[in-house]
Amino acid sequence: MARILVLDDVLDAGVLIQRILQRKGHVVHVFHDEDEALRFTEKNPVDLAILDMNLPKMDGLDVLCEMQKALPRLPAIMLTGLPDAAMAKQAFAHGAVAYCAKPIDKDKLEERVAKALQEGENLPEQ
Amino acid sequence: METAFNFPLFPVYLVDYLGATVMVILAFCALFYARRLTRLEPKNILWAYFFWFSLVMVIFSISRGVGHLLPYVFRLADLPELWDTLDPYSGGLNTIALCGVAILTLHYHSTAVLINRAKIDALSLEIANERLVEAHADLSRLNQTLEQQVEERTLDLRLSEEKFRGFFEGSKDMIYFCDAAGRLCDINESGLRLLGVERQQDLVGQPLAEFFLDRERGALYRELLAADGQVKDFEAEFVGREDGPLYLMITASAITDRTGTTQGYQGIAKDLTHFKKMMEQLVHSEKMTSVGQLAAGVAHEINTPLGIILGYAQLLEEDFAGQTEVHETLEIIEKQAKICRRIVADLLNFSRQTLEHNKLYGDLNQCLEEVLAIVNHTLNMDHIFIHRCLAEKLPRTCFDNERMRQVFVNLLTNAHHAIGSEGIIGVWTRWHEESRQIEIVIGDSGSGIPPDQLGRIFDPFYTTKGVGKGTGLGLSVSFGIIQDHNGRIEVKSPPLEPELVTLDMHTTFHIFLPIVAEGQEKEQ
């Protein structure tokens, strides 16, 4: 069981991911506003962030950077509607473990989450 | 008679004597002057007359003088009877001399008249002669001027001829002359080149209307020309060189004689093939860009809701795993949503073609071989044979291997669909050294593309395949990819190249890619 944060400006999309991952036994917190999500991570630790790249107020990568201030080495799965090689490189540089094109398949999402959590566990604890 | 010689009569005798002597002297003087005059002007008849007159007068004066002097001499010598003997002779001689003068004078008159007439004749002859000389001079002057004029005109004509010949031969446009029946009589070099004919003899006598690709258009051209005596900017497609029809803009006019009867036609045809092609490409590329932007916008907006539908359908499938009917329904929703997702992905791919660059130095032959190896099996199943003719020494160039494969797959899939089953797919690679381009030809023995569809096949969403079989994006995406490589893609249906025709190719796609040397791809 892991604590997962999902941030997508389209709430339905976030809830979908929540439903899928809840069935795998994870605790999933869904946000559609960047500030609310950031406020949450300031007080509550999470094991994985699933972030949309294109958010109304901020860039997905900036959100990740902000979150990492409170939670260093927070692994993240970045979702994007417009896959771009340069952006993918940047995402990996910021500690993202996956860069996926939307819409992401249920099976693929489950697989990526499992893989990301496994890698996160293998990371040396602070 | 002795009484006659009386002393009181002496002065009379003296006067007679002296008078006779003076008369002789004066007669000689007159002769002398008359002679000098004749010497001065031998032809003057008056002087001649004077001369002869003086001569006769000399004879007369001598004869008369002797007749007056000798009686005194003989009387003094006391021989008067001797004079009586001579006296008749003296009298006769005098008479003869006076007769001579009379004859001479009479003769002079008629001679003078004759000579005068002759002179008048001579004068008029001379005048006539002078006039003749003048006329001759005039004539020769005129002749000379005429010669000069002819020379000048000839030079003018030659220059004019040279000028127009130069214009005719040097023009890059086709210039032609036809007879009244519309058959070609003369055509310039550019015309021969455009029509793809080497010798003028091969063209002369052929009706121009036969070169129109569309016979009706040719008939319209003739009708307009016959009705108005001219056509301006008449657009027509001509049967032309090997690489497709010629697009010409014709301006022609009728040549008429003084009575207005048509003697023939002259015309200039401008080759707009290249221009039209460029315009078409420009329009197409504009269209692609705007459609691309639209497609990207739509695709991006649809993407998220589509993902949500798909995801919830998948979730529900799990929930209703036990209920067969609901589960099947949900499976259909999932399947159709996935088809939508593929279309959206294609759209995004199509609109995003210039964003990502992953060009590497490589061998296009190898890329093509890899694709052929993949599709070979499917083609064999439908009894489609692949004819390969790959250039052995194809230069390496920079290209995006993944996307170029996509182009080849698209073209080969289309070829497969065009054939259905049983046929030939031809694949060629060629190296054009002079233009430094690689040409890739993919052709099929399928049904060919109808002419009215040829212009639209690269348009996004244009498809002749059934619903669900194609999105109509394959060729658009391929077009974009090739354009992104600074190349071009052309379609020929049917191709005219003999090599392609002999292999029964009905549609061929020709991709032209410029050679990009290693290290240059970044500058592109």
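What to note about this one:
- When only Cα pairs below 8 angstrom with a gap of at least 6 residues are kept, chain A shows a relative contact order of 22 percent.
- Against chain B, whose longest principal axis comes from its Cα atoms, helix B:364-381 is set at around 60 degrees.
- On the basis of the beta-carbon distance and an R0 of 45 Å, residue B:70 and residue B:107 show a calculated FRET efficiency of 0.90.
- Reach of residue B:163 by Cα under 20 Å, taken over lysines that are not fewer than 8 positions away in the same chain: B:172
- Burial ordering of A:26, B:274, fewest other beta-carbon atoms within 10 Å first: B:274, A:26
- By the count of neighbouring beta-carbon atoms within 10 Å, fewest first, B:90, B:110, B:447 end up ordered B:110, B:447, B:90.
- Residue B:386-residue B:185 FRET efficiency (beta carbon distance; Förster radius 35 Å; 0.05 resolution): 0.10
- Taking 29 Å as the straight-line reach from the Cα of residue B:335, the lysines in range (excluding those fewer than 8 positions away in the same chain) are A:24, A:102, A:106, A:108, A:115, B:465, B:469.
- For the range B:263-330 versus the range B:43-66, the gap between their alpha-carbon centres in whole angstrom: 144
- The range B:74-126 and the range B:212-226: distance between their alpha carbon centers, rounded to Å: 111
- Taking the fewest neighbouring Cβ atoms within 10 Å as the starting point, the ordered list for B:185, B:29 is B:29, B:185.
- Compared with the alpha-carbon gap, the fully stretched path from residue B:502 to residue B:142 is longer by 122.2 nm at 0.36 nm per residue.
- Low-density loop cleavage sites - trypsin sites (Lys or Arg not before Pro) in the range A:8-102, where at most 11 other Cβ are within 10 Å (DSSP): A:57, A:73
- For the range B:174-271: relative contact order, % (alpha-carbon pairs under 8 angstrom, 6 or more apart): 29
- Each other residue within a Cβ distance under 11 Å of residue B:488 adds +1 if Lys or Arg and -1 if Asp or Glu, for a net charge of -1.
- Expected 222 nm ellipticity per residue - DSSP helices of 4 or more, -39500 (n - 2.57), all of chain B, to 500: -21000 deg cm²/dmol
- Cut-off 11 Å between beta-carbons: net charge of the residues surrounding residue B:168, Lys and Arg +1, Asp and Glu -1: -4
- Cβ neighbours within 10 Å from other chains - mean over A:101-108: 6
- Separation in nanometres of the label points that stand 7 Å from Cα toward Cβ, at residue B:298 and residue B:324: 4.0
- At an R0 of 51 angstrom, the distance between the Cβ atoms of residue B:366 and residue B:336 translates into a FRET efficiency of 0.85.
Just so you know, all these numbers are worked out from the coordinates, no wet-lab data involved. Not measured: the values here are computed from a predicted model. Glycine also receives a Cβ, built like all others from the backbone with ideal geometry; neighbour counts cover every protein chain displayed.
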